[in-house]
Amino acid sequence: MIVLNDIHKSYGRTQVLRGCTAAVKLGEVVVVCGPSGSGKSTLIKCVNGLVPIDRGSITVDGVSVTDKHTDLPALRAQIGMVFQNFELYPHMTALQNVSLAQIHVLKRSRAEADARSEQLLARVGLSSKLSSRPDQLSGGQQQRVSIARALSMDPKAMLFDEPTSALDPEMVNEVLEVMQALALDGMTMMVVTHEMGFAQRVAERVLFMDGGEILEDSPKSQFFANPSTERARQFLTKVLSH
Amino acid sequence: MNYNWDWGVLLQQPYWGWLWSGLGWTLLISLGSWVIALSVGISAGIARCMPNRAIQIVASVYIEVFRNIPPLVQLFLWYFVFPELLPDALGLWIKRDLPNPEYVTAIVGLGLFAGARVAEQIRAGIAAVGIHLLPAALATGLRPLQAFRLILLPLGLRAVFGPLTSEFLITVKMSSISLTIGMLELTAQSRHIENYTFHGLEAFAVATVVYLLLGLSVTGLMRVIDRRFGAAKYRRASS
């Protein structure tokens with residue numbers, strides 16, 4: 001579904017990705033973890049072309065992201081993305097946030113789009129918040145709206161960039177539960193997160209990154225029980241100890 | 001002060017008519033140049049934020065050139081120099097056949113000057129409150145221009161509504177410099193009355209009050225728009 005081949009990326013002189021190769025199969029949930037600054041967020045933003053890469057190739061469902069002739073907006077419409085800071089449109093209600101791209105990208109009528117948005121907001125447990133604006137919602141609620149917004153395009157795959165890192169601890173679970181339900185429905189997911197509990201419950205595979213490289217790409221059970229690199233072992237002792 | 005005040009003279013024709021006609025032209029120049037300033041300014045402001053180096057540079061060149069040349073000089077350049085630089089036929093057409101060339105020159109000249117300033121405000125507004133939403137908007141499949149039109153511009157406009165109001169006020173007052181290329185707007189008509197009647201103080205006093213009232217109306221109008229569509233609506237709703 002998602003294939004990353006030898007991705008290199010630098011910001012000025014700082015090299016943030018050094019030859020990353022990975023793949024996410026249809027229906028698979030892959031968690032990307034690693035210390036801050038390891039390149040996880042950059043890697044996931046390359047997948048839908050939000051960050052242009054210097055070298056390498058990326059395909060999503062057989063379509064090249066890096067090819068100049070690819071219609072990137074059309075491709076992005078098929079890949080949902082959820083951001084660390086929600087990035088909801090503050091001047092619109094929850095319903096309008098979810099309907100906007102349906103109307104302007106999928107060309108659904110407003111009525112059609114709103115009906116679909118209501119369904120999706122119900123699915124993330126926010127039926128009662130349709131006409132609330134983002135600043136009237138808690139962080140967890142905002143992040144669930146943003147998941148509904150990503151789902152509104154009926155995506156083939158979903159990208160999550162640290163979806164719970166900006167949340168108060170008590171709101172983390174409501175977001176993880178929504179994500180877990182999505183995974184159970186068979187959604188293809190690539191998730192950058194520090195939530196190792198989520199990885200243990202939901203992920204099929206774990207990618208461990210450090211210094212712009214993917215040091216480890218293993219099935220979940222193997223990664224947690226017996227990581228093959230020393231660096232991953234250190235990381236795990238630190239994040240799992242509390 | 002040995003001055004023979006006579007307010008009544010302003011009520012006599014043709015002076016009363018001159019004042020009204022001057023007011024009419026002031027309004028037409030202000031509105032015309034503001035329409036140009038807003039449309040050019042919004043386009044250039046968005047262009048400055050676009051993720052495309054070439055577009056950014058074009059917009060920056062426009063902004064820096066037009067906001068750094070005195071508007072009076074710009075009017076002269078447009079009126080006296082620009083037609084000479086064009087191919088003969090076109091230059092001749094502007095000088096001879098363009099209907100109301102002073103008016104067209106005034107609104108284009110003042111509009112492009114104000115447009116450069118509006119563009120910087122729009123850019124600042126989008127940078128302050130909207131640009132971080134661009135990746136999220138693009139990720140849903142919106143094209144860059146759609147993202148600006150539907151999300152970033154509405155947010156940016158709301159954020160800079162105050163400065164934009166001041167800009168509109170400056171444009172109204174700036175309309176008076178178009179008298180230098182022959183527009184008979186309010187200030188020009190006041191001078192005109194002075195020349196004919198030697199009652200310039202009365203005429204300029206009236207003009208001053210009219211400018212003040214115009215300014216206050218603009219402020220009031222912008223406040224109504226802000227209440228109806230702008231950030232004020234949200235400030236109220238969330239308090």
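Here B:ALA136 passes the criteria (1) free of Cβ contacts under 8 Å to residues at least 24 places away in the same chain; (2) assigned to a helix (DSSP H, G or I); (3) over 30 Å from A:CYS46 (Cβ atoms) except the one numbered (3). For A:GLN96, the criteria (1) within 21 Å of B:PRO51 (Cβ to Cβ); (2) at pLDDT 95 or above; (3) not in a strand (DSSP E or B) hold in every case but one, which is (1). Taking the conditions (1) free of Cβ contacts under 8 Å to residues at least 60 places away in the same chain; (2) away from chain A (no Cβ under 14 Å); (3) surrounded by fewer than 18 Cβ atoms within 10 Å (Cβ to Cβ) in turn, B:PHE76 satisfies each one other than (1). Quick check on segment B:22-31. Is at least one of its residues surrounded by 16 or more Cβ atoms within 10 Å (Cβ to Cβ), farther than 26 Å from B:VAL218 by Cβ and in contact with a Ser or Thr (Cβ under 6 Å, 6 or more places away or on another chain)? Taking every residue of segment B:22-31 in turn, none turns out to be surrounded by 16 or more Cβ atoms within 10 Å (Cβ to Cβ), farther than 26 Å from B:VAL218 by Cβ and in contact with a Ser or Thr (Cβ under 6 Å, 6 or more places away or on another chain). Just checking, does segment A:134-148 include any residue being more than 14 Å from chain B (Cβ to nearest Cβ) and either under 30 Å from A:ASP6 (Cα atoms) or in contact with a Gly (Cβ under 9 Å, 6 or more places away or on another chain) (or both)? Taking every residue of segment A:134-148 in turn, at least one turns out to be more than 14 Å from chain B (Cβ to nearest Cβ) and either under 30 Å from A:ASP6 (Cα atoms) or in contact with a Gly (Cβ under 9 Å, 6 or more places away or on another chain) (or both). State whether one or more residues within segment B:13-26 are among the hydrophobic types (A, V, I, L, M, F, W, C), free of Cβ contacts under 8 Å to residues at least 24 places away in the same chain and at negative phi. Yes, there is a match, as at least one residue in segment B:13-26 is among the hydrophobic types (A, V, I, L, M, F, W, C), free of Cβ contacts under 8 Å to residues at least 24 places away in the same chain and at negative phi.
The residue that is surrounded by the fewest Cβ atoms within 10 Å (Cβ to Cβ), counting only those in segment B:1-21 that are of a type in the set (Ser, Thr, Tyr) and under 13 Å from B:HIS192 (Cβ atoms), is B:SER21. Taking segment A:108-123, which residues are at pLDDT 95 or above, under 25 Å from A:ALA183 (Cβ atoms) and crowded, with 17+ Cβ neighbours inside 10 Å? Correct list: A:ARG116, A:SER117, A:GLU118, A:LEU120, A:LEU121. Taking segment B:123-132 as the range and being in contact with a Leu (Cβ under 9 Å, 6 or more places away or on another chain), surrounded by fewer than 21 Cβ atoms within 10 Å (Cβ to Cβ) and within 10 Å of another protein chain (Cβ to nearest Cβ) as the test, only B:VAL129 passes.
Before we move on, is A:VAL63 surrounded by fewer than 21 Cβ atoms within 10 Å (Cβ to Cβ) and within 7 Å of chain B (Cβ to nearest Cβ)? Taking the combined requirement at face value, the residue does not satisfy it.
Among the candidates A:LYS107, A:LYS156, the residue that is within 14 Å of another protein chain (Cβ to nearest Cβ) and without any contact (Cβ under 8 Å) to a residue 12 or more places away in the chain is uniquely A:LYS107.
The values are calculated or read from the model by the stated rules, or taken from the named source; none is laboratory data. Note that the structure is a prediction, hence the values are computed from the model and not measured. Neighbour counts run over all protein chains shown; Cβ positions are idealised from the backbone, glycine included.
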